[in-house]
Amino acid sequence: MHSFMRLILGLAFLFCFTHGAWTQAFRGADAFPVLAWIGPPADQTTPERYRELAEAGFNLSFSGFPDVEAMGRALEVAQGAGVKLMISCPELRGDPETTVRRFKGHPATAGYYLRDEPSAGDFKDLGDWVRRIRAVDEVLPCYLNLFPTYASPEQLGTATYQEHVDRFLAEVPVPVLSFDHYPIVGDRLRSDWYENLEIIAAAAKRAGKPFWAFALAVAHDPYPVATVEGLRLQVFSNLAYGAKAIQYFTYWTPVSSQWNFHRAPIEADGTRTEVYDRVRQVNRELQNLAPVFLTAEVVEVAHAGEALPRGTRPYQPAMPVVVLNTGGKGAVVSRLRGERHDYLAVVNRGLRESLELKIRFDDPVSVQVLNSEGRSIPVEAGAFGGTVAPGDIRVFQWLR
């Protein structure tokens, strides 16, 4: 996110959520958490607007509200649409105990949003704020979102990004690690995106916490208008690394004198853009794969192809995979473990080119391939060959 967002929201936030607490608080454990950053603004708190949000595939939303009364009205309307909200109003900072007592029992309350992209110098104050909230509500979460790797040392407040992440986890007692990184710049990918995912996924694993990741849905220089291919690439790469929630920045287009925000799913004047349908499509594809990614845990992530992204490792087949060939093109390859099945997820890293994927499995293993349309097809004779569209995913499953 940008420092601009902190100014227009007029407060700082934080969000604490374990995955277990999430599935209890969320409206259905079979749906993957999808968060709309900057959902319907306070003056658009209507049943129609929240139904529209839900129809685009969002089940969680965050907007800055001017006071507790506006926050309370939004909770009532959101509940009717099956959407949960992050508590975000000035009173959460000024009098957190009273504010939390007021909202913690509401069915549409998802948690408490305190701050975006803090410097390490803010960590002590944020930790104290979290502890005040947890003294009143130990169940619902507190959320705080971290900078990406391309933030400067001055922004981070530390010499390195790794130090920033490690200090945050040590000093701020939130049960989820969230970060933003917008990898598509013009017609290319940032060189440090997958390195950022590597750092966050490893830190979350060491801390025993889930992590949440972003997809960019609002255009602004130098970021282009979101496409289906670009959204897929961000969402499915995040899933392959083990993200337990997908967040979109933004749903409603912000108004800024600094950034030329435009063409989010909903424009600033409330009209839909073509990005609304694109986000809805990708969210539908995401939910088709929710049974895998809600519960399965990543065992290992590597990359196939001739050129490896910075900070990543080359994929080496392990049984029952005998051969995996992408024709030299780049792919994320993730091995996951569920309750009954093992999985292999392959994401085409290309923004514009399809990938010809060939995999040979050990013959005795019965394998099925799942695609983002929700179809499951047996892999005959242990050999798979097929085309993976730009940014798209294939998931292979077999009984352990």
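The values are calculated or read from the model by the stated rules, or taken from the named source; none is laboratory data. Only a predicted model underlies this, so the values are computations on that prediction, with no experimental measurement involved. Every residue, glycine among them, receives a Cβ derived from its backbone with ideal geometry; neighbour counts consider all protein chains shown.
Remarks
- Matching residues in the stretch 265-290 - criterion: being part of a loop (DSSP other than H, G, I, E, B), out of contact with any strand residue (DSSP E or B) (no Cβ under 9 Å at 6 or more places or on another chain) and among the charged types (D, E, K, R): Asp269
- Val139 vs. criteria over 19 Å from the mean Cα position of the chain (by Cα) and more than 25 Å from Asp30 (Cβ to Cβ): no
- Filter result for Ala243 (part of a loop (DSSP other than H, G, I, E, B), assigned by TED's automatic domain parsing to the domain that holds Ala42 and farther than 23 Å from Pro224 by Cα): yes
- Condition met for Val255 (assigned to a loop (DSSP other than H, G, I, E, B), touching a residue at least 12 places away in the same chain (Cβ under 8 Å), assigned by TED's automatic domain parsing to the domain that holds Phe236 and β-branched (Val, Ile, Thr)): yes
Yes or no, residue by residue, for (1) over 23 Å from Trp212 (Cβ atoms); (2) out of contact with any Ser or Thr (no Cβ under 8 Å at 6 or more places or on another chain); (3) buried (at least 17 other Cβ atoms within 10 Å of the Cβ):
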residue	(1), (2), (3)
Arg51	yes, yes, no
Ala74	no, no, yes
Met86	no, no, yes
Pro96	no, yes, yes
Val100	no, yes, yes
His106	no, yes, yes
Ala110	no, yes, yes
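- Scope the stretch 64-112; condition within 20 Å of the chain's Cα centre (by Cα) and farther than 26 Å from Glu48 by Cβ; matching residues: Tyr112
- Strands (runs of 3 or more DSSP E) lying entirely in the stretch 295-400 (those with 2 or more residues that are modelled with pLDDT under 95 and either surrounded by 12 or more Cβ atoms within 10 Å (Cβ to Cβ) or in the same structural domain as Ala204 (by TED's automatic domain parsing) (or both)): 368-371
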